[in-house]
Amino acid sequence: MPQTTAAKGVLVFFHGYKSSAALQMRHRALVEVAHAHGLAFAAVDGLNGTWSHPNAPGNFRDEKRFVGHVLDDLEARFGFTARNTLLGGFSQGASMAWYTLCQQGSRTAGAVTFSGVFWDPLPRPQDCVTDMPPIVHFHGTADRTFPLSGRAIGQEFHQGDAFKSMAIVRQRASCEMEVKKQIGDIACAVAPGCNRGEMALCIHGGGHQIQPDQLDAGLTELGF
């Protein structure tokens, strides 16, 4: 929780592959960005350091049900609701955030994600809820771990394409044609006029990374 003010919302953050909620909570720069925006920071834990979202290599838990329990708990204990619950995630954790938005986006107010999207085969637009909230997604052209176009993981699994993933959620949310907009120090492709808010794809020249200043810019863009 923020130390100097009452929390006006919560950022629920999904860690990357082979990380954990405990390690995520030690990433104080991210926690401090959330606090600067008046948000509590909640890190959730993947089983065996991974996530069992659709088309993932692991299948250890019903993640949709798990996240539903997390959101129920945050509301029951702290009063956080769909009005002030945001999602964040890095790498495979970003994929978890995307699937959560697709499956139960009506329970959240928006998301800021980094270096991870849907996995192949990608969901169809009609597989996602119509009231998906706004998304600000950051991805690097030099990312070799989860490239913009995705990559094969072993013989059976494949990360998805960031542009195609964004096109799916934009179509489902009935967005208008994209325009260029500056978010932080990045020129982003932003689709306005969506059901609940804009969908922004922010491409930078970096690698597989999450930057606190980008989280800051993304939360500001979402209105928090």
TODO: Being of a type in the set (A, V, I, L, M, F, W, C) and open to solvent by less than 10 Å² (accessible area, probe 1.4 Å) is the filter here, so list the residues in segment 89-118 that pass it.
DONE: Ala94, Met96, Ala97, Trp98, Leu101, Cys102, Ala111, Val112, Phe114, Val117, Phe118
Task: Total residues in segment 162-210, condition within 10 Å of Met132 (Cβ to Cβ), in a helix (DSSP H, G or I) and more than 16 Å from the chain's Cα centre (by Cα) - done: 1
Open item on the list: Which count do you get for residues in segment 1-43 that are under 24 Å from Leu122 (Cα atoms) and out of contact with any Gly (no Cβ under 9 Å at 6 or more places or on another chain)?
Closed with: 0
Task: Residues of segment 123-165 satisfying the condition of being among the aromatic types (Phe, Trp, Tyr) and surrounded by fewer than 13 Cβ atoms within 10 Å (Cβ to Cβ) - done: none
Task: Subset of segment 91-130 (residues that are assigned to a loop (DSSP other than H, G, I, E, B), closer than 26 Å to Val33 by Cβ and of a type in the set (A, V, I, L, M, F, W, C)) - done: Ala109, Val117, Phe118
Open item on the list: Which count do you get for residues in segment 182-213 that are touching a residue at least 40 places away in the same chain (Cβ under 8 Å), open to solvent by 40 Å² or more (accessible area, probe 1.4 Å), of a type in the set (Gly, Ala, Ser) and touching an Asp or Glu at 6+ places or on another chain (Cβ under 8 Å)?
Closed with: 0
TODO: Can you tell me which residue among Thr220, Thr113, Thr108, Thr145 is over 18 Å from Leu86 (Cβ atoms) and of a type in the set (Ser, Thr, Tyr)?
DONE: Thr145
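The values are calculated or read from the model by the stated rules, or taken from the named source; none is laboratory data. Quick caveat: nothing in here was measured; it's all calculated off a predicted structure. So basically every Cβ, Gly included, is an ideal-geometry build from the backbone, and we count neighbours across all protein chains shown. These accessible areas exclude ligands, DNA and RNA; they are computed on the full protein's heavy atoms, side chains included. Shrake-Rupley method; radii C 1.70, N 1.55, O 1.52, S 1.80 Å.
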